[in-house]
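The next block holds one structure in the form of structure tokens; read it before the comments.
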Amino acid sequence: MNALNGMEGMEGVKGMNGMNAMNIVVVSAGLSVPSSTRLLGERLAAAATGQAPSDVPVIELRDLAVDIAHNFTSGFPAPALAEAMDAVTGADGVIVVTPVFSASYSGLFKSFFDVLGARDREALAGKPVLIAATGGTPRHSLVLEHSLRPLFAHLRAVVVPTGVYAASQDWGDKGLDARIARAAGELAALAGALPAAGNGTVDGNSNSNSNGNGDGGEAGGDAIRVTRGGAVDDKFDARNVVPFEEQLAALRSAG
């Protein structure tokens with residue numbers, strides 16, 4: 001079975017803002033068929049890209065479980081696992097969804113990102129990631145903040161502010177629809193604002209100075225004007241976002 005369901009149609013996907021083509025990939029750690037975990041990922045991707053859920057590219061980790069285990073012992077990914085890793089690395093944005101096991105993400109979910117990080121430590125650096133989870137009870141909803149968000153912050157991803165948790169009773173509830181729409185909108189905005197994955201450029205044009213840092217220019221629509229009190233202030237460049245832990249460390253050292 002092909003673990004990369006729908007990947008052949010992933011190029012040139014239009015985002016919900018209709019401006020930039022986005023390559024959004026879903027990573028699902030669901031184990032059952034059908035899977036509520038995959039369903040949540042498909043709905044999030046459909047909301048972000050405007051695709052039909054059946055056309056959303058999904059990486060099913062269930063089908064890669066043996067390859068992931070072998071990668072730990074051999075150090076080399078099988079072709080199907082390598083293809084999945086390349087899809088994640090090359091994506092403009094990633095939606096990650098896990099079932100809750102023992103109040104955390106599943107071992108299969110974590111193992112995939114372990115081998116991905118061992119292969120390429122920069123695989124998710126600067127990449128927008130939408131975190132989501134499914135579970136049988138609302139009591140596990142904090143898994144998003146206690147487990148998933150710290151994991152992807154460690155991997156240096158740009159984690160979407162709104163995470164989505166779906167308990168069994170949430171399906172069919174308007175509250176879940178609203179959370180999906182809000183999170184998908186944030187992912188689409190980030191994927192459209194940040195430079196194309198893997199090349200540090202926008203529309204093929206480099207925006208780096210001699211030190212390799214972004215110049216804060218407006219090429220490709222990267223820079224976003226910040227307004228305060230109705231007045232236009234300095235431009236905000238999404239490429240220059242400083243992770244929270246680095247800001248906190250700087251404050252501590254200054255104190």
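The values are calculated or read from the model by the stated rules, or taken from the named source; none is laboratory data. Just so we're clear, the structure is a prediction, and the values are computed from it rather than from any experiment. Don't worry about glycine lacking a Cβ; one is built from the backbone with ideal geometry, like all the others, and counts go over all protein chains shown. Ligands, DNA and RNA are excluded from the accessible area calculation, which covers all protein heavy atoms including side chains. Shrake-Rupley method; radii C 1.70, N 1.55, O 1.52, S 1.80 Å.
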Checklist entry - Give me the pairs: first residue in region 171-182 and farther than 17 Å from Ser35 by Cα and open to solvent by 60 Å² or more (accessible area, probe 1.4 Å), second residue among the β-branched types (Val, Ile, Thr) and not in a helix (DSSP H, G or I), beta-carbon distance under 9 Å, and six or more apart or on different chains, which are they? => result Arg179/Thr162; Arg179/Val164; Arg182/Thr162; Arg182/Val164
Checklist entry - Does Val159 count as open to solvent by 20 Å² or more (accessible area, probe 1.4 Å) and under 12 Å from the mean Cα position of the chain (by Cα)? => result yes
Next on the checklist: If I ask for residues that are under 18 Å from the mean Cα position of the chain (by Cα), part of a loop (DSSP other than H, G, I, E, B) and surrounded by fewer than 19 Cβ atoms within 10 Å (Cβ to Cβ), which ones from region 34-87 would you list?
Outcome noted: Gly50
Next on the checklist: Restricting to region 113-128, give me the number of residues that are over 23 Å from Ala181 (Cα atoms), open to solvent by less than 30 Å² (accessible area, probe 1.4 Å) and either of a type in the set (Val, Ile, Thr) or in a loop (DSSP other than H, G, I, E, B) (or both).
Outcome noted: 3
Item to check | Test for Ala48: is it within 16 Å of Met22 (Cβ to Cβ) and in contact with a helix residue (DSSP H, G or I) (Cβ under 6 Å, 6 or more places away or on another chain) | outcome: yes
Next on the checklist: Anything in region 89-112 that is part of a helix (DSSP H, G or I) and surrounded by fewer than 22 Cβ atoms within 10 Å (Cβ to Cβ)? List them, or say none.
Outcome noted: Thr89, Gly90, Gly107, Leu108, Lys110, Ser111
Next on the checklist: Within region 91-102, does at least one residue satisfy the condition of being hydroxyl-bearing (Ser, Thr, Tyr) and modelled with pLDDT of 95 or more?
Outcome noted: yes
Checklist entry - Only one residue in Pro138, Pro79 is of a type outside the set (D, E, K, R) and more than 30 Å from Gly175 (Cα to Cα). Which one? => result Pro79
